[in-house]
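The values are calculated or read from the model by the stated rules, or taken from the named source; none is laboratory data. Because the structure is predicted, anything quoted here is derived from the model rather than measured. Ideal geometry is used to build each Cβ from the backbone, glycine not excepted, and the neighbour counts take in all protein chains shown.
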Amino acid sequence: MRLSASIKRAIERHALVDYPREACGLIVAAADKQQYVPCRNAASHGQDFRLPAEDYAAAEDQGQVLAVVHSHV
């Protein structure tokens with residue numbers, strides 16, 4: 001999978017905002033376009049990630065989930 005520059009920037013911004021906690025999100029395809037959907041990290045430890053089921057379901061409402069993304073802190 002190749003990510004567009006705009007998706008890469010969105011992931012980087014999300015990781016910077018959530019730092020020092022692990023950031024997580026999803027790459028979603030809707031129609032002929034891919035987008036990054038930032039999600040909450042429900043993990044109790046900052047270096048872990050747990051993507052809530054309701055965030056995943058909300059992303060599925062926007063299109064097909066192609067990938068899970070998380071930062072490495």
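Values computed for the structure shown
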| quantity | calculated |
| --- | --- |
| Residue in the range 1-29 that is nearest to residue 43 (Cα to Cα), counting only those that are in a helix (DSSP H, G or I) and basic (Lys, Arg) | 13 |
| Residue satisfying condition, being buried (at least 16 other Cβ atoms within 10 Å of the Cβ) and either without any contact (Cβ under 8 Å) to a residue 40 or more places away in the chain or more than 13 Å from the chain's Cα centre (by Cα) (or both), within set 19, 36 | 36 |
| Residue 31 under 11 Å from the mean Cα position of the chain (by Cα) and either surrounded by 13 or more Cβ atoms within 10 Å (Cβ to Cβ) or free of Cβ contacts under 8 Å to residues at least 40 places away in the same chain (or both) | no |
| Residue check for residue 53: surrounded by fewer than 17 Cβ atoms within 10 Å (Cβ to Cβ), among the hydrophobic types (A, V, I, L, M, F, W, C) and modelled with pLDDT of 95 or more | yes |
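Listed here are the residues, each with its yes/no results for (1) modelled with pLDDT of 95 or more; (2) crowded, with 17+ Cβ neighbours inside 10 Å; (3) touching a Pro at 6+ places or on another chain (Cβ under 7 Å); (4) of a type in the set (S, T, N, Q).
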| position | (1), (2), (3), (4) |
| --- | --- |
| 10 | yes, yes, no, no |
| 15 | yes, yes, no, no |
| 26 | yes, yes, no, no |
| 41 | yes, yes, no, yes |
| 44 | no, no, no, yes |
